[in-house]
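First up is the structure itself, then whatever we jot down about it.
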Amino acid sequence: MNNAIFKIFNIIILLVFITSFNLRNMNQNEEKSSSLTQGGYDEVFRPQIHYTPAKNFMNDPNGLIFFEGTYHLYYQYNPEGNVWGNMSWGHATSKDLIHWEEQPVAIRPNELGFIFSGSCVIDKENKAGFGENKLMAIYTSSDQIKQQQSIAYSNDGGQSFINYSGNPVIPNDDENLRDPKVFWHEETKKWIMILAKGILKGVEIYGSENLKEWKHLSTFVIDIPVPDIQWECPDLFQLDYKDSKKWVLLVSVNPRGSFLGSGTMYFLGNFDGQTFTPDPLNYPIWFDYGMDSYAGVTYSNTGDRRILIAWMNNWLYAPEVPVSPWRSAMALPRELKLIEYEGKPILASTVVYEINKIAGPWKKIESQFEPGVAYQIKLSISLDKDSKILLKNNEGERFIFEIKCGTRKLIAYRNAATGKTSFNPKFPVPSLEAPLNVSGDNVILNIFVDQSSIEIITENGSMSMTNLIFPTSIYNSLSVYGVSYKAEMRNLNSIWRKN
Ligand code: FRU
């Protein structure tokens, strides 16, 4: 009898334990999904048209790939905090490059170290032996001493990855070899991997038939007048130019000089499956002339479109930008093209047309206007005289830029007048200069303003300038001095609300 009571008592205790364990787990799952997808995204300075993780620190975009109808955006992510550390691949997905849904962390640090930047490919023909059409990730395993290259495969459409047991696939014993970008080179029937050489400044090119065994093919080095740089996050791809094609080599460099910090340059030339040979142009040529476009790389598997996403921040002050509980946003996705200017090709970029999905109707504006959470201004300015353009809020904070008609340059002032800047003495900069690269007697600028950023891009993409700003309220007036102009604006709806 006593024994039976004891048994029943034990069963009750076990049931209570199981139920409370399940409840705790359910709560955790609920917490997880609410922090991933249902956060308010309405904190001060929270971008409304740019991707940000709900919380914690993000840097470079990684593994950009269009796979089975979904755009994947992996990124350097610290799941534990709001500054750099514990580097993992965070993950977000989108159907249209504009609305994003945060997903669980896809790859976490392992015995080979942190998971640094890298890329994804689809192994259509099962060359690596993990299965046909496998989504593969190629990343840098980084411990304190070594940067080696590793691969992983996904069995669940990119939600999670399993590391290959033979990692690293490119062993190495120093810390200046990182950020693999891999693509299939049809002519030589090989996977090509390009790697940045960090403070050794250059790019290493490797080839492979199976993603597991890699052979060194060549080294690209070039002497260019940029002081104290390290090379990171390369990309190599082809674009149409006139009746043929050209190869574009993107390299992010940090810093670009004493006050500019992180930036991305590009080379144009030829790649024969082994060696990249640059055209003789006046390098460095910058992809974006603002302070906050770094580590930009392009999507794989998007057919004829070449789409780039860049990290909208700068290592000069990234850990201190005054935002919480997240830190850093991605710049708006851009479509890349080579266009001709003064007889030479330049890499042009415009915001992807999918931005129209969140846009309201165009309205003519004179000076004051009523901004939504974010907006786009289209400003057409005559180039017969110099002009000065001010975007201002009710608090008197302002972002000023000038257009010099003689040199056809845009000079911007991301200085202490723009809003909050005192969090880091390197944030306010004296001036930023960009060539407009337009002919004709006027220039059309598209200006995308969000809660804490401003992206200025010429209509044909010949010049872009991305800057963070931290104004008390979003700018709500436009003044143009010196020239005749036309301006219209349209509101851009928050990507965090279902439109
Ligand atoms: C560039 C970079 C990469 C590296 C990653 C680490 O911003 O330094 O070279 O893989 O960040 O987070």
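Every number in this text was worked out from the coordinates using simple rules, so none of it is lab data. None of these values were measured; they are calculated from a predicted model. A quick note on method: Cβ atoms are made from the backbone with ideal geometry, for glycine too, and the neighbour counts reach across all protein chains shown.
Spin-label point model (7 Å from Cα, Cβ direction): what's the residue 43 to residue 240 distance in nm?
4.4 nm
Tell me, what is the FRET efficiency for residue 386 and residue 86 to the nearest 0.05, using R0 = 30 angstrom and their Cβ-Cβ distance as r?
0.05
What lysines does residue 486 reach when the alpha-carbon gap must be under 23 Å and sequence neighbours fewer than 8 apart in one chain are set aside?
363, 364, 378, 385, 388, 392, 404, 409
Name the residues whose placed amide hydrogens come within less than 5 Å of the amide hydrogen of residue 442, ignoring near sequence neighbours (fewer than 5 apart) on the same chain.
383
Counting each DSSP H run of 4 or more residues in the chain as -39500 (n - 2.57), what helix-only mean residue ellipticity at 222 nm follows after dividing by all residues, to the nearest 500 deg cm²/dmol?
-2500 deg cm²/dmol
Just to confirm a number: summing +1 for Lys and Arg and -1 for Asp and Glu over residues other than residue 228 whose beta-carbon lies under 11 angstrom from that of residue 228, what do you get?
+2
Take the alpha-carbon positions of segment 332-413, form their convex hull, and give its projected area averaged over all directions (one quarter of the hull surface) in nm².
Averaging across all directions leaves 7.5 nm² for the Cα convex hull.
Per-residue counts of other Cβ atoms within 10 Å, averaged by peptide: what ranking do you get for 348-355, 275-282, highest first?
Most protected by this proxy first, the peptides run 348-355, 275-282.
Once fully extended, how much extra length lies between residue 270 and residue 444, figured as 0.36 nm per residue of separation less the alpha-carbon to alpha-carbon distance?
59.4 nm
What percent does the relative contact order of segment 42-166 come to when contacts are Cα pairs within less than 8 Å and at least six residues apart?
17 percent
In Å and on Cα atoms, what radius of gyration and Dmax does segment 120-198 show?
That works out to 13.0, 38 Å for Rg and Dmax.
Just the Cα atoms of segment 351-467: what Rg and Dmax do they give in Å?
Rg, Dmax (Cα atoms, Å): 14.6, 41.
Counting every Cα pair in segment 406-450, what percent are over 14 Å apart?
The answer is 61 percent, as a whole percent.
With +1 on the Cβ of every Lys and Arg and -1 on the Cβ of every Asp and Glu, and nothing else charged, how large is the dipole of the chain about its Cα centre, in debye rounded to the nearest 20?
Roughly 700 debye, rounded to the nearest 20.
For 91, 185, 216, which order do you get if you count the other beta carbons within 10 Å of each Cβ and list the fewest first?
216, 185, 91
Taking the simple approach of a point 7 Å from Cα along Cα-to-Cβ for both residue 110 and residue 472, what is their distance in nm?
Simple spin-label model gives 5.2 nm for this pair.
Given H placed 1.01 Å from N in the peptide plane, which residues other than close sequence neighbours of residue 56 have an amide H under 5 Å from its amide H?
326, 327
Expressed as an acute angle from 0 to 90° and rounded to the nearest 10, what is the orientation of the C-alpha long axis of helix 2-37 relative to the principal long axis of the chain?
The helix 2-37 is inclined about 10 degrees to the chain.
How high is the relative contact order of segment 347-499, in percent, with contacts defined as C-alpha pairs under 8 Å that are six or more residues apart?
The value is 39 percent.
Against the empirical 2.2 N^0.38 Å scaling, what ratio does the C-alpha Rg of segment 231-288 come to?
1.21
Rounded to whole Å, give me the distance from the Cα center of segment 122-151 to that of segment 368-446.
43 Å
Using only alpha-carbon positions, what ratio does the radius of gyration of the chain give when scaled by 2.2 N^0.38 Å?
Taking the Cα Rg and dividing by 2.2 N^0.38 Å, one obtains 1.05.
Quick one: which residues, 5+ away or cross-chain, put their amide H under 5 Å from the amide H of residue 217? H built at 1.01 Å from N.
Excluding prolines and chain starts, which carry no amide H, the hits are 205, 206, 207.
Quick one: if the Förster radius is 41 Å, what FRET efficiency do residue 145 and residue 226 give, using the C-beta to C-beta distance and rounding to 0.05?
After rounding to 0.05, the efficiency reads 0.90.
Need the C-alpha centroid separation for segment 462-488 versus segment 175-205, integer Å.
Their Cα centres are 39 Å away from one another.
Tell me, 52, 219 in order of fewest to most beta-carbon neighbours within 10 Å?
Ascending Cβ contact count within 10 Å gives the list 219, 52.
If the cut-off is a Cα-Cα distance under 15 Å, which aspartates and glutamates reach residue 344, setting aside same-chain residues fewer than 8 apart in sequence?
240, 243, 279
Using R₀ = 41 Å, calculate the FRET efficiency as 1/(1 + (r/R₀)^6) where r is the Cβ-Cβ separation of residue 186 and residue 339; round to 0.05.
Working from the Cβ atoms, E equals 0.95.
Tabulate in residue order the Karplus-calculated ³J(HN,Hα) for segment 92-106, using 6.51 cos²θ - 1.76 cosθ + 1.60 with θ = phi - 60°, rounded to whole Hz; enter x for Gly and Pro.
Per-residue couplings from phi come out as 9, 10, 8, 9, 9, 6, 10, 8, 10, 10, 6, 10, x, 3, 8 Hz.
Expressed in nm², what is the orientationally averaged projection area of the convex hull enclosing the Cα positions of segment 172-235?
For the Cα atoms of segment 172-235, the hull's average projected area reads 4.8 nm².
Could you state the number of Å between the C-alpha centres of segment 278-346 and segment 216-248?
14 Å
Go through segment 175-187 residue by residue and turn each phi into a ³J(HN,Hα) via Karplus (6.51, -1.76, 1.60, θ = phi - 60°); whole Hz please, and just put x for glycine and proline.
10, 10, 7, 7, 6, x, 10, 10, 8, 8, 9, 4, 4
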